[in-house]
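Shown next, in structure tokens, is the structure this report addresses.
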């Protein structure tokens, strides 16, 4: 892989990392102390199960979003480390090149498409 290509992927990864970090900060800013507030809301809503269910659903959505963002940020960090180590663009499982199309779509991809398919099948 050419240095200019690596630099392009690095730029894309850093931009995505910044975007996701901002999204995570926004999520935290919108829900400060959410657990305590929601516990109070739930205790006052015991008579209204539908409302309590809505509060619980919103909390679960927030937790799910945070988990996905954190997983993506970890993958981006690992991809940036692979760039520094010189192994970016190579499958971490079989060492085959990861297709340029795959890296263009998912610059944090660590597996070639064949290894990813095997992983998904279990």
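The values are calculated or read from the model by the stated rules, or taken from the named source; none is laboratory data. This one's a predicted model, so the numbers in the text were calculated from it and none came from an experiment. Glycine gets a Cβ as well: all are built from the backbone with ideal geometry, and neighbour counts include every protein chain shown.
Please pick out the residue among 58, 39 that is modelled with pLDDT under 90 and touching a helix residue (DSSP H, G or I) at 6+ places or on another chain (Cβ under 9 Å).
Only one candidate qualifies: 58.
What are the residues in the range 103-122 that are closer than 18 Å to residue 73 by Cα, in a helix (DSSP H, G or I) and free of Cβ contacts under 8 Å to residues at least 60 places away in the same chain, if any?
104, 105
So in the range 72-91, with the set limited to residues that are without any contact (Cβ under 8 Å) to a residue 60 or more places away in the chain and within 16 Å of residue 1 (Cα to Cα), which one is surrounded by the fewest Cβ atoms within 10 Å (Cβ to Cβ)?
In this case the residue turns out to be 85.
Determine whether residue 64 is modelled with pLDDT of 80 or more, surrounded by 13 or more Cβ atoms within 10 Å (Cβ to Cβ) and under 16 Å from the mean Cα position of the chain (by Cα).
no
I need a count of the residues in the range 70-101 that are part of a helix (DSSP H, G or I) and within 27 Å of residue 24 (Cα to Cα).
Count: 15.
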